[in-house]
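The values are calculated or read from the model by the stated rules, or taken from the named source; none is laboratory data. Just so we're clear, the structure is a prediction, and the values are computed from it rather than from any experiment. When we count neighbours, we look across all protein chains shown, and the Cβ atoms used for this are built from the backbone with ideal geometry, even at glycine. Keep in mind that these areas ignore ligands, DNA and RNA; they rest on the heavy atoms of the full protein, side chains included. Shrake-Rupley method; radii C 1.70, N 1.55, O 1.52, S 1.80 Å.
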Amino acid sequence: MATLASDAASDPATARPMTDNQSHRPFLDLPPLASASGTVRLPGSKSISNRVLLLAGLAAGTTAVHDLLDSDDTRVMLDALRALGCTLQQDGGVLHVTGLGGQLKVHEANLFLGNAGTAMRPLTAALAVLAATQGGQFRLAGVPRMHERPIGDLVDALRPLGCGIDDLGQPGFPPLRLHGQAGGVLALGQPIRVRGDVSSQFLTALLLALPLVAQSQDVVIAVEGELISKPYIEITLNLLVRFGIEVRRDGWSRFTIPAGSRYRSPGSMHVEGDASSASYFIALGAIAADGGAPVRIEGVGLDSIQGDIRFVEAAQAMGAQVRGGSGWLSVHRGLWPLKAITLDCNHIPDAAMTLAAMALYADGTTRLTNIASWRVKETDRIAAMAAELRRVGAGVDEGPDFIAITPPAPEAWRAASIRTYDDHRMAMCLSLAAFNPARVPVRILEPHCVAKTFPDYFDALFGVAQARADDVPVITVDGPTASGKGTLAAELAQALGYHLLDSGALYRATGLAVLDDGIDPADEAAVAQVAGLLDLRFDGGHCWLRGRDVTDALRTEAAGMMASRVSALPAVRQALHGLQLAFRRAPGLVADGRDMGTVVFPDAPLKVYLTASATQRAERRHKQLISKGISSNIDALRADLEARDLRDSSRTVAPLKPAEDAQQLDNSALTVDQSVAQVLDWWAERRPFGG
Ligand code: DC
């Protein structure tokens, strides 16, 4: 009976965090986190990525873009460029973009730009001037929130030039239709006026678009009102230089694009790590790197061209100890509690949100001012931040352009379900609440919103943040052979974003190593030594033993037989104990195997003992074997299972028995989905989160 030893239809044990960004799980629970240390490599900057993509798409020649951010916002820009006829070729980690050389190839397109302001605003300006001079018709739209984000000031700057722009929805907001006739001439003799006090992206959009039509005369842009978020304009100017355009600027109110401007590819561009994304890890170091080792951040450094690098100064003002160089930062906790500050945050609008999260750990009220632009971002960030910080217990005061945060008293922290408003920064900022002194967990709703700029954020967080083992939740799934516990455990881990331990795989790997080494399986000391030194690695659904991929070998009859023998040796069980405990890492663990609830994780808050009738299990195993092309006899299978149940439950070492506090689940008449739903209901009852 070839596979009777195998109970898991799914992958073997995996150390792969289950926080993969593909799955849109409704929530991710963060256990209380205690400390942080180690290295994080940042994804590319969103602001630089989307500007570089557009510039490369408009320029003549091919640009090799290195370290491009792969996220929702860059994906919509790439889709747009492709629709416009740019050639994109991925070569390992490098994207080769062959641009239009300023000449439209495609004169009609429908572009969907998600919620990416860095795509919507510059593409509107560029396609408006191209359509007005070369002829064309383009429709630009996004998600519903994109249609609530203002673009009227940019449209008002472009229309007087002769650009045809129709509002397809509410005036002043996307969606828009841009249109014009070939041979059209733009009125560029007068300075082009644009407001600078709502979003700096309007000025950026004009700066990126107008070099396309500045062949025969200087083009002047005059900014009205105080320009906000100046550092983003510096990024734009910096990158324009790389693509051959030297904009002259008088203060922050007048910008001149010289006559004869023409985009030329620099050949190759490197995208820096995202300085706004760095802010979460700078904060992490300031809050939690209080042991020996710092949090080290790679990909962005003190020489960054991104304005949000000045978050470092703000974090230092709150007490962080930061060192850095070119392309790296290293952060320790300095003052503790952090020092409350009052700060004009106009220069770091995005990273300033991270200060609001750091304020939870300050010695008084932190006041962030001049942040009116928060109200027109992915969501109304002042309102959202106020609501969610209150939810964890903070005192918050808010106004049109400021927020003031008073940390919760130690006993006032609450286990909160954090709304994220489809705003990546809300999810990342509020994850920092997991370091609360009350040791309450934090639930992040709709955590996949981080994919806008940092798809692997939670993996990166758990890579450097440590929880106390007893704060990490464990669900154990024990039960007789062929009860479906492997499948149930894998589904639960996937649903909750937890790690998965298939403890049977450890015994199987020990069995394989014993076979490899030609060791006598009855030699308890020798087998235990092998188990204790097991060089085992789990990686992306694969299992590596001593550098060899043993994913398939683990499921063989030989490995199963040997596992059954070696698992009866107490010294072997002891030797594997520590290895199993090591799987208990943030955000949580689902552990399957016969003694998970009784011996290895006796304090697990939920223990499931899965059963099914022998008839039912025999039928399932029969179907499984048929699907693999192996013939079997269902009565013989059932007899085998019954004999094995008896052996397993009567053996002296690690007998199969439910933990006293286990929830029994007979899944004879249940589908996998029904079993998963039942266990998730039990889990929800044990979690401290309110509505
Ligand atoms: O679940 P499995 O078939 O992969 O398990 C392989 C062997 O290891 C099986 O004989 C049961 C045994 N085992 C054990 O003794 N204790 C565990 N925690 C898991 C498996």
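With protein chains left intact and a 1.4 Å probe, residues in region 574-630 average 38 Å² of accessible area per residue.
For region 110-140, the residues whose amide N sits under 12 Å from a probe point set 7 Å from the Cα of residue 166 along the beta carbon direction are 137-140.
Between the C-alpha center of region 592-616 and that of region 249-273 there is a gap of 63 Å.
Bridgeable lysines around residue 377 (alpha carbons under 28 Å apart, same-chain partners fewer than 8 residues away excluded): 46, 230, 339, 452.
Among 525, 580, 563, whose Cα projects farthest towards the positive end of the dipole of region 509-588, with charges put on the beta-carbon of Lys, Arg (+1) and Asp, Glu (-1)? Of the candidates, 580 comes out farthest on the positive side. A Cβ-based charge dipole, computed about the Cα centre of region 253-323 with Lys and Arg at +1 and Asp and Glu at -1, lands at about 400 debye. A Cβ-based charge dipole, computed about the Cα centre of the chain with Lys and Arg at +1 and Asp and Glu at -1, lands at about 880 debye.
Excluding ligands, DNA and RNA, the accessible surface per residue across region 36-97 is 33 Å² with a 1.4 Å probe.
Karplus-derived 3J(HN,Hα) values for region 91-97, using 6.51 cos²θ - 1.76 cosθ + 1.60 with θ = phi - 60°, are 10, x, x, 10, 9, 9, 10 Hz; glycine and proline are entered as x. Looking at region 89-187, the trypsin sites (Lys or Arg not before Pro) that sit in a DSSP loop and have at most 16 other Cβ atoms within 10 Å of their own Cβ are 105. For the set 657, 377, the ranking by accessible area, highest first and with no ligand, DNA or RNA atoms included, is 657, 377 under a 1.4 Å probe.
Computed from point charges on the beta carbon alone (+1 for Lys and Arg, -1 for Asp and Glu), the dipole magnitude for region 180-326 about its Cα centre is near 420 Debye. Based on DSSP H segments of at least four residues, each scored -39500 (n - 2.57), the chain has a per-residue ellipticity at 222 nm of -10500 deg cm²/dmol. Only one residue of 496, 415, 172 has its Cα farthest out toward the positive end of the dipole of the chain, where Lys and Arg carry +1 and Asp and Glu -1 on Cβ, and that residue is 172. Using alpha carbons only, how many angstrom separate the centre of region 528-548 from the centre of region 632-646? Here the two parts' Cα centres lie 31 Å apart. Highest mean packing first, where packing is the average number of other Cβ atoms within 10 Å per residue, the peptides 165-176, 550-561 line up as 550-561, 165-176.
Mean sequence separation of contacting Cα pairs (under 8 Å, at least six apart), scaled by the length of the chain, corresponds to a relative contact order of 17 percent.
Taking R0 as 45 Å, what's the FRET efficiency between residue 83 and residue 581 from their Cβ-Cβ distance, rounded to 0.05? Here the calculated transfer efficiency is 0.30.
Relative to the current alpha-carbon distance between residue 187 and residue 321, full extension at 0.36 nm per residue lengthens the span by 43.0 nm.
Couplings for region 377-386, taken from phi via the Karplus curve 6.51 cos²θ - 1.76 cosθ + 1.60 with θ = phi - 60°, read 8, 3, 8, 6, 6, 5, 5, 5, 5, 4 Hz in order; Gly and Pro are left as x.
May I ask for the distance between the Cα centers of region 365-387 and region 190-222, given as a whole number of Å? Region 365-387 and region 190-222 have Cα centres spaced 28 Å from each other. Counting only DSSP beta bridges with both residues in the chain, the antiparallel share comes to about 60 percent.
Within region 369-506, what percent of beta bridges assigned by DSSP are antiparallel, to the nearest 5?
Counting DSSP beta bridges with both partners in region 369-506, the antiparallel share is about 65 percent.
For region 552-691, the relative contact order comes to 28 percent (Cα pairs under 8 Å, sequence separation of at least 6).
Compute the relative contact order of region 184-251 as a whole-number percentage, counting only Cα pairs closer than 8 Å that sit 6 or more residues apart in sequence.
On the way: 66 pairs, mean separation 25.2, N = 68.
Worked out over region 184-251, it gives 37 percent.
Here the chain exposes an accessible surface that is 50 percent carbon and sulfur, computed with a 1.4 Å probe and the other protein chains kept in place.
In the context of the full set of protein chains, residues of region 115-207 present 33 Å² of accessible surface per residue (probe radius 1.4 Å, heavy atoms only). Based on the Cβ-Cβ distance of residue 344 and residue 669, what FRET efficiency does E = 1/(1 + (r/R0)^6) give at R0 = 45 Å, to the nearest 0.05? So the FRET efficiency works out to roughly 0.10.
Taking amide H as placed 1.01 Å from N in the peptide plane, the amide H of residue 606 sits under 5 Å from that of 474, 476, each at least 5 places away or on another chain.
Residues whose amide H falls under 5 Å from that of residue 269, counting only those 5 or more places apart or on a different chain, are 64, 65, 66, with hydrogens built in the peptide plane.
3J(HN,Hα) along region 608-616: 10, 10, 9, 10, 7, 4, 4, 4, 4 Hz, from the Karplus curve 6.51 cos²θ - 1.76 cosθ + 1.60 with θ = phi - 60°, whole Hz, x for Gly and Pro. Compute the FRET efficiency between residue 103 and residue 336 as 1/(1 + (r/R0)^6), taking r as their Cβ-Cβ distance and R0 = 51 Å, and round to the nearest 0.05. Plugging the Cβ-Cβ distance into 1/(1 + (r/R0)^6) gives 0.30. Highest mean first, the peptides 608-620, 113-125, 237-249, 677-689 sorted by other C-beta atoms within 10 Å per residue fall in the order 113-125, 608-620, 237-249, 677-689. The label point for residue 565 and the one for residue 526, both projected 7 Å from the Cα toward the Cβ, are 1.1 nm apart. Here's the picture: a label point sits 7 Å out from the Cα of residue 62 along the beta-carbon direction, and within region 75-95 the residues with their amide nitrogen under 12 Å of it are 87-91, 95. When each of the peptides 593-604, 624-635, 223-234, 257-268 is scored by how many other beta carbons lie within 10 Å of its residues on average, the order from highest to lowest is 593-604, 223-234, 257-268, 624-635. The modelled label-to-label distance for the pair residue 112/residue 661, using points 7 Å beyond Cα in the direction of Cβ, is 4.8 nm.
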